[in-house]
Every structure is written in structure tokens, then in C-alpha cells.
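Each remark here refers to the structure printed beneath this line.
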Amino acid sequence: MRVPFQNIAVRLSQRLPQGPTWSAGLAYLKALHISTLLIWCAGLFYLPGLYAAHPDVDSHHDFRRLRIMTRFAFVAVISPAALVAVFAGTVLVFVAQVEGGWMAAKLGVVSLMVLFHLYCGRLLAKLGTEPAFRPAGAHLLLLIPPLLLIPTVFWLVLGKPPRRKGGHAA
């Protein structure tokens, strides 16, 4: 079953040029998606460790430095990587005309990753005003969502069904 806008994407992708240049462009897009996805995933593991350091900081100077480092990681590295990974993945879905149950499951898990990312941003704002509102060990529990979500996405991608002759995955 196709969603309404997927018919438009199929028609557009049929008009796209084919050949070695197109294949190279698709390979670069996949590389961009994978590299930014790796940065985003690493950031989702890195943030809980940074958050856990907030309650233990003694001096104002050290807290300020940790705060700057945490905000920079979230705003300048992790969030842009997340946006590019999601955008490149969306383009790949439509250009490659990928469909199937595994894709719906993958998009569901990626949506949970986005929600966790947004929660981390909300937590970052709260840590700026109340650095010790939660003990460090509680922040380390934030490692559990990425430990569950990221391997699930990789498992879904690596276990996807082979492409059929028409170009669509089952």
C-alpha cells in the first residue's frame, strides 16, 4: 500500500537520470546519510555522560566550561547531524522507492530516536538552571534508550528483505 505522496515520488524518480553519474550521486547520498547517522548516534551516547557530570561540578568556572561544551555538542554537532541524517534518509527512501513493513518499523524506531533527541535538548535547558536536580547516576540511565534504539535500527536495516526485480523491497 502506498501513501498518497509516494505516487508523486515514484513518478519523479522515474524521470531522474540514470547511469554512472546518478549511481555515484546515490552512493554519495548514502555515504552522507551513514556518516551523519554515526555522528548522531555517537552523540546520543555522549550526552548522558555529559549530563551526569553536571551535578558533580564544584566551581562556577568548571560548570560554565562544561555547560559550553555540552551546548556546543548538542547545538553545533549532534543536532545538525540528526537533521542531515533524517533529511538524507528521507531523500533515499523516495529516490530508491523503498517500501515495506521493515521500512515502517525502521521509521517508527527512528521517530523514537528523534523524540529522545528532543528530550535531551529539554534536559539540557533544565540543567542550565538546575544542574543538580537529579543525581549523576540517574543521568547515566539515559544510556538505555540509545542502547535499545540504535541497535534496533541497524538490525532492521541489515535484515531488510532483498530488492525485487521491480526495484522495491518486499
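The values are calculated or read from the model by the stated rules, or taken from the named source; none is laboratory data. Predicted, not measured: the structure shown is a model, and the values here were computed from it. Please note: Cβ atoms are built from the backbone with ideal geometry, for glycine as well, and neighbour counts cover all protein chains shown. Just so you know, the surface numbers come from the protein's heavy atoms only, side chains and all, with ligands and any DNA or RNA stripped out. Shrake-Rupley method; radii C 1.70, N 1.55, O 1.52, S 1.80 Å.
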How much of the calculated P(r) for region 79-170 lies past 17 Å, in percent of all Cα pairs? 60 percent
Any idea how far the Cα center of region 125-151 sits from the one of region 72-118, in Å? 21 Å
Taking θ as phi - 60°, what are the ³J(HN,Hα) couplings along region 42-50 by the Karplus curve (6.51, -1.76, 1.60), each to the nearest whole Hz, with x for Gly and Pro? 4, x, 5, 7, 6, 4, x, x, 5
Would you be so kind as to identify which of HIS60, THR129, GLY43 lies farthest towards the positive end of the dipole of region 39-170, taking Lys and Arg as +1 and Asp and Glu as -1 on Cβ and the Cα centre as origin? GLY43
Looking at region 111-151 from every direction and averaging, what is the projected area of its Cα convex hull in nm²? 2.8 nm²
Cα-projected label distance for LYS30 with ILE68, points at 7 Å along beta-carbon direction, nm: 4.2 nm
Given a 1.4 Å probe and every protein chain left where it sits, what share in percent of the accessible area of region 100-142 is carbon and sulfur? 71 percent
Among all the aspartates and glutamates, which ones have a C-alpha under 16 Å from LYS160's C-alpha, if same-chain residues fewer than 8 places away are not counted? GLU99
Can you give me the distance in nm between label points at HIS60 and ALA104, each placed 7 Å from the Cα along the Cα-to-Cβ direction? 5.6 nm
